[in-house]
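Shown next, in structure tokens, is the structure this report addresses.
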Amino acid sequence: MKIIRTARSMAAWSERLRREGVTIGFVPTMGALHDGHRSLIRAARLRCDALVVSIFVNPAQFSPTEDLSAYPRPIARDRALCREEGVDVCFEPTAQAMYPGGFQTIVTVPALARRWEGEARPHHFAGVATVVTKLFGMVRPHLALFGQKDYQQAALIRQLAHDLNLGVAIQVRQTVRERDGLAMSSRNIYLSADERRIAPLLSQALRAGRQMIEGGMSDVAASEQIMRQTIEQASTIHVEYLAVCDQDSLEPLSVVMDRAVLLGAVRIGSVRLIDNLLVNMPGRKRRATH
Ligand code: PAF
């Protein structure tokens, strides 16, 4: 496996392969790789001839009060996982290479970034959209894969790749979960043993909400209430938002017809957890409109 650190060497490697007709798959990460990343890497490996994983803890997507300096950086372990999974290039640019003096351009996707994570973390999505656009420019992938756990992020990246004609196909893969339902995340290691025990309440709440909708309850307020009650079984979890939304616009719904996404964010101590579940009920719309 090759380790590349500069934008220029990365672009040169990709250009050479593209000229040879090789398809390039790409999994952008901030490192601290877990089985969720592993499943993205495996899916990309199956679909493309060559595979690049980037490891870059992007300062632009952290606010001054967030965990940038404490963010886990187990680089030896991350490289070992990449090697095990047959990654061809681990792209590890420095912050200086990404944001050299004089850097000015910011990419924003205003409507999709407005609510939910965008409200809780006001500069986060501009940081994500900017770095992902830059990474696409350096890696020049044919296909890039993202996890559904960061649903809003994935929606926004899909939109920017389309709007800016970046020539990269975006694939979003199902969230990988621990046995008790907790969505895998690099930040789960921050949870104390007690916090870890109650953390699955978020996915349980989303499942309860989905069950209610699938059981015929189209009134969103009732599903939101059951989700909140599930979480509030533990007094040490604080709900930031629990919402039933349109899968594409992420605007809140008041009634679910045939599809929706349930989005949730909670805080346990100093740790923020997010998760989501899709509701797809083909046929429901037809019945409702006839
Ligand atoms: O999901 C992440 O790990 C990051 O937001 C990403 C997409 C690698 C951009 O820094």
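Please treat every number below as a calculation from the coordinates, not as lab data. Quick caveat, the model's predicted, so the values are computed rather than measured. Neighbour counts run over all protein chains shown; Cβ positions are idealised from the backbone, glycine included.
Things worth noting here:
- At q = 0.10, 0.11 Å⁻¹, base-10 log of I(q)/I(0) for the chain (Debye sum, equal scatterers on each alpha carbon): -0.57, -0.68
- Per-residue HN-Hα couplings for segment 153-169 [Karplus 6.51, -1.76, 1.60; θ = phi - 60°; Hz; x = Gly/Pro]: 4, 5, 5, 5, 6, 4, 5, 5, 5, 6, 4, 9, 6, 7, x, 10, 7
- Signed unit charges on C-beta, dipole axis of the chain, positive-most listed residue I24, T108, P59: I24
- Cβ charges +1 (Lys, Arg) and -1 (Asp, Glu), total dipole of the chain, debye: 740 debye
- Dipole of segment 161-290, positive end: most advanced residue of M212, A161, I274 [Cβ charges, Cα centre]: M212
- Residues whose amide H comes within less than 5 Å of that of A169, counting only those at least five positions distant or on another chain, are L143, A144 (H built at 1.01 Å from N in the peptide plane).
- 3J(HN,Hα) from dihedral phi, segment 76-90, Karplus parametrisation 6.51/-1.76/1.60, rounded to Hz, x for glycine, proline: 5, 5, 4, 5, 4, 4, 4, 4, 4, 8, x, 5, 7, 9, 9
- Simple point charges give the picture: +1 on the Cβ of Lys and Arg, -1 on the Cβ of Asp and Glu, and for segment 1-139 a dipole about the Cα centre of about 280 debye.
- Mean sequence separation of contacting Cα pairs (under 8 Å, at least six apart), scaled by the length of segment 1-123, corresponds to a relative contact order of 34 percent.
- Mean ellipticity per residue at 222 nm, deg cm²/dmol - from DSSP H runs of n ≥ 4 across the chain, formula -39500 (n - 2.57): -11500 deg cm²/dmol
- Using the Cβ of L166 as centre and a radius below 13 Å, the other residues enclosed give a net charge of +2, where K and R count +1 and D and E count -1.
- For segment 240-279 and segment 28-69, distance of Cα centres in Å: 23 Å
- Sequence-distant residues sharing a close amide H with V107 (under 5 Å, placed H): T130
- Listed values for segment 273-283 are Karplus-derived 3J(HN,Hα) couplings in whole Hz (6.51 cos²θ - 1.76 cosθ + 1.60, θ = phi - 60°), namely 10, 10, 6, 7, 9, 8, 10, 10, 10, x, x, and x replaces Gly and Pro.
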